[in-house]
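I have placed the structure first, in the form of structure tokens, so that the comments after it can refer back to it.
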Amino acid sequence: MQRLEAAPDQPMNSTQLADVLDLRGNERKRLQKVLTELQREGRLVQMRGQSYGLGDMADLVTGTLGIARSGKGFVSPRDGGPDVMVFSENQLTALPGDIVLVRLDHEQVDGGKRRGKIIRVVERGRVDIVGTLRSTGRFLYVVPIDPGYQKDVYVSDAAGAKVGDRVVVRLQEWVHKHVNPEGDIVDVIGPAMSPDMDTASVIRHFGFDEEFTEQVRSEAGHVSSLLESAEAQAGREDLRKLRVVTIDPERARDFDDALSLEQDQDGNRVLGVHIADVSFFVRPGSALDDEARKRGTSVYFPDRVLPMLPEQLSNGVCSLRPEQDRLAFSVFMTFDKNGNCVGSKFCRSIINSSARLIYQQAMQMIASNGKKPAGIDSNISALVIELNKLAQQLRKRRFRQTALDMDIPECEVVVDDEGHMTGLRRVENDESHQLVEECMVAANEAVARHIAEQQWPAVVRLHEPPSPEKIEDLTVNLLSMGFTPGDLSKRRNLADFLKKIVNHPLADTVRLMVLRSMSRAVYSAQKTGHYGLAKKYYAHFTSPIRRYPDLIVHRELAALLLGEGCPYDKDDLIAMAVACTDCEWQADDAERMVLEIKKYRYLQAEVEKSSPQEFNAVIAKVTNFGLFVDLVDLQVQALVHISSLSDSFVRYNRNKGTLNAGKNKVYSVGQRIKVRPVEVDFDARKVAAVIAG
């Protein structure tokens, strides 16, 4: 592929390229496969006449399409560049998740916003989609479970399904965008109103594998024997006498990181971050590795998990359980009294965790300044206190370097055995969480910098600056809320603004708005830099049991320790970065979809009650037809229609962004109110609400 990129800078067909590159025999036959892969990665585009060229030559961009419920599309380029907005009339027959080719429309570029038109669907994101079977009385159709699909799918036969069932429909070729797509029902999942079917439906829709192949299970069954082998001990530092602890959520499903802290002879603090050595058990070319690479990441749902690797690894030999010998990759970082990292060391090791703590226990130690919970050794409590002191110092230093404080409390959905959402569990980002986070960030940065210093290619975590258009929209919204944010196009100004509002009643709302304005992080082997963390070098290293990019980094670090060459070439890493980003985004979308379904079921149940509960809300957007409000606890948006605000005339002030509904009733962005849901459109994921009282 490097030879291919050296070809003349003009469109060519495959025969011309083969001649220019002087390809013979099997190389010539393999060229088409390489061209297809380069096209999928966005590094080449297919033009008219079956010719190929660089996208910049014709203002063409290859990316993945996402479609909002409004119908507006956003194409995320494969190279991690800024999104391209595509209006519904310019989407051809593309569907959410499709890889598409977009021609940029420079006449419509406004304030940094990129707009374009889809000219080809390069690859369907999925052929089988899940939806609910409906009927007009004369025709059958399937409403997709993903509201991003703007058209229903017509089917000619129910194939044994009943109206109201969740089904899997296989799309036929869709040619004309003005005609609904057609398909065939290939499987019946069960009644759409059954909550216990939700996760299974989403898994089928995204095409995730629920089970491992027999070969993968067979290999996993033998990994425990490797733990006791002579090879496992060779070349490792014995750290079993080092005091090491794990700190995880109470319901954590894997334990792959541990921490230690010591002082060196100069009085500096030496932070140890110890990560399960998954790369020792998962070898390149094995069935385990092939499966992990295909899955890319673990997927977490409220009621189950789809692990990247079998349980024998995730909950067995790679789980850093207390008082058990485990193989690890250790990063030691030396910090001076000011929190400067003055040195780092990397090694493969053997550790024996002294204790498994949960966040609540760690927070109890921190809040009581060392008072240990029952059953916890005082040395462990002292270790946690010192770790926290260092973590808070690193955190303050990171924010001084213009990192963005966008920490927002997470809300875990609690479900019962039948899949009903029974409530929310608010998870605050307290000092116990920050302790772990800062240690992991430090290790990820140290590893990324070390690999970069060797001038090796690597899969890094890339977070690019937000587009000027999104910053402009953010600024307008903040101004309408009464804030004076200044020039947010400069990261230092944005970071300073976030510091100023930290104790403001609307702090969480503002952080959420800032988060929505950010670019989506990707994996990359071509660019570096993490805008949000203010890091020049940053890679994922700390979770190889659930993220394939971390496993790649582990292998590179192992090769460096052994004095070997880089185990990957750049082209392989570019392809893997694209694939890993795809897997992560699919997992994120699937997790979000299940949570969303549970929340809308919950709201539907509230609407049906004689006395539905009231929800705390914040006005997120004011329009001439009503208020879009964020239900704070549920993190769901609802519409309060203008007709419900007053019996008399409601005045919309476009300049101020307000609705005046009468005496002392002026509504604006950022205002806190209480609302009551009155209608839920489950298929479209829309909620109508009224002001409480």
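Given the options SER643, SER648, SER610, name the one that is in a helix (DSSP H, G or I), of a type in the set (S, T, N, Q) and over 29 Å from the mean Cα position of the chain (by Cα). If you could, list the steps in order and put the result at the bottom.
Values: SER648 fails: in a helix (DSSP H, G or I); SER610 fails: in a helix (DSSP H, G or I).
SER643 is the lone residue from the list that is in a helix (DSSP H, G or I), of a type in the set (S, T, N, Q) and over 29 Å from the mean Cα position of the chain (by Cα).
Looking at the range 435-450, is at least one residue touching a residue at least 24 places away in the same chain (Cβ under 8 Å), closer than 28 Å to VAL666 by Cα and among the charged types (D, E, K, R)?
The answer is no; no qualifying residue exists.
Within the range 645-684, take every residue that is farther than 30 Å from PRO144 by Cβ, of a type in the set (A, V, I, L, M, F, W, C) and surrounded by fewer than 18 Cβ atoms within 10 Å (Cβ to Cβ) and give me the one that is modelled with the lowest pLDDT.
Applying the first criterion (farther than 30 Å from PRO144 by Cβ) to the range 645-684 yields 645-674.
Among the residues that remain, those that are also of a type in the set (A, V, I, L, M, F, W, C) are: 645, 649-650, 659, 661, 666, 669, 673.
Checking the rest, the ones that are also surrounded by fewer than 18 Cβ atoms within 10 Å (Cβ to Cβ) come to 649, 666.
Details: PHE649: 87, VAL666: 90.
The selected residue is PHE649.
In the range 273-290, what residues are assigned to a loop (DSSP other than H, G, I, E, B) and surrounded by fewer than 24 Cβ atoms within 10 Å (Cβ to Cβ)?
Narrowing the range 273-290 to residues assigned to a loop (DSSP other than H, G, I, E, B): 277, 282-286.
ARG283, PRO284, GLY285, SER286, listed by residue number.
Give the residue, chosen from VAL61, VAL130, VAL143, that is modelled with pLDDT under 90, part of a strand (DSSP E or B) and of a type in the set (A, V, I, L, M, F, W, C). It would help to see each step written out before you state the result.
On the way: VAL130 fails: modelled with pLDDT under 90; VAL143 fails: modelled with pLDDT under 90.
One residue alone meets the criteria, VAL61.
Return a yes/no flag: does the range 577-586 have any residue that is surrounded by 15 or more Cβ atoms within 10 Å (Cβ to Cβ), within 27 Å of PRO505 (Cα to Cα) and not assigned by TED's automatic domain parsing to the domain that holds SER643.
Filtering the range 577-586 for residues surrounded by 15 or more Cβ atoms within 10 Å (Cβ to Cβ) gives 577-586.
Right, trim to within 27 Å of PRO505 (Cα to Cα) and you get none.
No: the range 577-586 contains no residue that is surrounded by 15 or more Cβ atoms within 10 Å (Cβ to Cβ), within 27 Å of PRO505 (Cα to Cα) and not assigned by TED's automatic domain parsing to the domain that holds SER643.
Looking only at residues that are in contact with a strand residue (DSSP E or B) (Cβ under 8 Å, 6 or more places away or on another chain) and either surrounded by fewer than 16 Cβ atoms within 10 Å (Cβ to Cβ) or at pLDDT below 95 (or both) in the range 301-317, which one is nearest to VAL216 (Cα to Cα)? First the steps, then the outcome.
Keep residues of the range 301-317 that are in contact with a strand residue (DSSP E or B) (Cβ under 8 Å, 6 or more places away or on another chain), which gives 302-303, 305-306, 308, 317.
If we keep only those that are either surrounded by fewer than 16 Cβ atoms within 10 Å (Cβ to Cβ) or at pLDDT below 95 (or both) too, we end up with 302-303, 305, 317.
Numbers: PRO302: 26, ASP303: 24, VAL305: 18, VAL317: 16 Å.
In this case the residue turns out to be VAL317.
Which of the residues belonging to the range 336-353 are crowded, with 21+ Cβ neighbours inside 10 Å and either under 21 Å from GLN434 (Cα atoms) or at pLDDT below 95 (or both)?
Narrowing the range 336-353 to residues crowded, with 21+ Cβ neighbours inside 10 Å: 348-349, 351, 353.
Once the filter is applied, which keeps residues that are crowded, with 21+ Cβ neighbours inside 10 Å and either under 21 Å from GLN434 (Cα atoms) or at pLDDT below 95 (or both), the range 336-353 yields only SER353.
Considering VAL510, VAL476, VAL553, which residue is surrounded by 21 or more Cβ atoms within 10 Å (Cβ to Cβ), under 26 Å from ARG654 (Cβ atoms), not assigned by TED's automatic domain parsing to the domain that holds ARG293 and not basic (Lys, Arg)? Can you show your working first?
On the way: VAL476 fails: surrounded by 21 or more Cβ atoms within 10 Å (Cβ to Cβ); VAL553 fails: under 26 Å from ARG654 (Cβ atoms).
So the residue among VAL510, VAL476, VAL553 that is surrounded by 21 or more Cβ atoms within 10 Å (Cβ to Cβ), under 26 Å from ARG654 (Cβ atoms), not assigned by TED's automatic domain parsing to the domain that holds ARG293 and not basic (Lys, Arg) is VAL510.
What are the pairs, 6+ residues apart or on separate chains, where a residue within the range 606-633 that is free of Cβ contacts under 8 Å to residues at least 40 places away in the same chain and at positive phi has its Cβ under 7 Å from a residue that is of a type in the set (A, V, I, L, M) and surrounded by 15 or more Cβ atoms within 10 Å (Cβ to Cβ)?
Matching pairs, first to second residue: GLY626/LEU639; GLY626/VAL640; GLY626/ILE642.
Out of the residues in the range 397-414 that are buried (at least 16 other Cβ atoms within 10 Å of the Cβ) and acidic (Asp, Glu), which is nearest to ASP496 (Cα to Cα)?
Filtering first and then ranking leaves ASP405.
Going residue by residue through the range 264-282, is there one that turns out to be free of Cβ contacts under 8 Å to residues at least 12 places away in the same chain, over 28 Å from THR213 (Cβ atoms) and not hydroxyl-bearing (Ser, Thr, Tyr)? Break it down into steps so the answer makes sense when it comes.
To start, the set of residues in the range 264-282 that are free of Cβ contacts under 8 Å to residues at least 12 places away in the same chain comprises 265-266.
When the remaining residues are screened for being over 28 Å from THR213 (Cβ atoms), the result is 265-266.
Subsequent filtering for residues that are not hydroxyl-bearing (Ser, Thr, Tyr) retains 265-266.
The answer is yes; a qualifying residue exists.
Hey, which of the strands (runs of 3 or more DSSP E) in the range 314-373, taking only ones fully inside, have at least 1 residues that are over 22 Å from ASN388 (Cα atoms) and in contact (Cβ under 8 Å) with a residue 24 or more places away in the chain? Even if it seems obvious, please write down each step before you answer.
Numbers: elements: 325-335, 341-352, 355-358.
So the answer is 325-335, 341-352.
Residues in the range 202-225: is at least one more than 30 Å from ALA328 (Cα to Cα), touching a residue at least 24 places away in the same chain (Cβ under 8 Å), surrounded by 15 or more Cβ atoms within 10 Å (Cβ to Cβ) and of a type in the set (D, E, K, R)?
Looking through the range 202-225, at least one residue is more than 30 Å from ALA328 (Cα to Cα), touching a residue at least 24 places away in the same chain (Cβ under 8 Å), surrounded by 15 or more Cβ atoms within 10 Å (Cβ to Cβ) and of a type in the set (D, E, K, R).
Just to check your reading of the model, which residue among PHE212, PHE281 is among the aromatic types (Phe, Trp, Tyr), at pLDDT 95 or above and more than 24 Å from SER353 (Cβ to Cβ)? Step through it out loud before you land on a result.
Numbers: PHE281 fails: more than 24 Å from SER353 (Cβ to Cβ).
Residue meeting the stated conditions: PHE212.
The values are calculated or read from the model by the stated rules, or taken from the named source; none is laboratory data. In this text, all values refer to a predicted model and were calculated from it rather than measured experimentally. FYI the Cβ positions are ideal-geometry reconstructions off the backbone, even for glycines, and counts take in every protein chain you see.
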